[in-house]
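The structure appears below as structure tokens.
Derivation of every value follows stated rules applied to the coordinates shown; laboratory data play no part. None of the values given here were measured: they were computed from a predicted structure. Cβ atoms come from the backbone with ideal geometry, glycine included; neighbour counts cover every protein chain shown.
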């Protein structure tokens with residue numbers, strides 16, 4: 001069984017993403033990244049990424065891009081430790097709200113926090129992202 005399976009598959013991950021987005025929009029600090037125009041299917045793209053990262057089908061790399069692309073999207077926004085921390089805390093709330101608890105919640109939360117930290121590795125320019133940055137799988141967590 002993969003983390004993807006433990007989470008309940010794509011629909012469960014999508015529900016987590018939708019709830020997380022709702023929580024972020026309602027939070028004065030966490031709303032900031034979503035106040036600018038974002039892709040109209042952000043939740044689905046995030047769910048595709050997380051599904052693939054947790055051992056599910058290659059939905060993100062099969063249809064949206066690679067780690068280089070997602071890293072560049074998140075690069076160049078400056079240091080954002082407080083914002084990132086709040087968004088990760090809200091991700092944990094979304095997990096609980098969707099009934100993901102225990103070891104599965106801990107594993108997914110740990111992956112999400114670590115992956116978010118890695119996305120924050122290029123705060124000053126998207127040009128700093130290496131072309132060969134590997135996809136950020138959670139399989140070994």
Practice task
Would you mind listing how long the chain runs along its three principal axes, going by Cα atoms, in whole Å with the largest first?
Solution key: 37, 35, 26
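Show that you can apply the helix-only estimate: for the chain, add -39,500 (n - 2.57) for every DSSP H stretch of four or more residues, divide by all residues, and state [θ] at 222 nm to the nearest 500. Walk me through the intermediate numbers first.
On the way: 7 runs with 82 residues, N = 141.
Calculated from helices alone, the mean residue ellipticity at 222 nm is -18000 deg cm²/dmol.
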Problem - Pair residue 96, residue 126: separation of 7 Å Cα→Cβ label points (nm) - result: 3.6 nm
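Suppose a student asked you for the relative contact order of the stretch 3-128, using Cα pairs under 8 Å spaced at least 6 residues apart; what percent would you report?
Numbers: 121 pairs, mean separation 42.7, N = 126.
For the stretch 3-128, the relative contact order is 34 percent.
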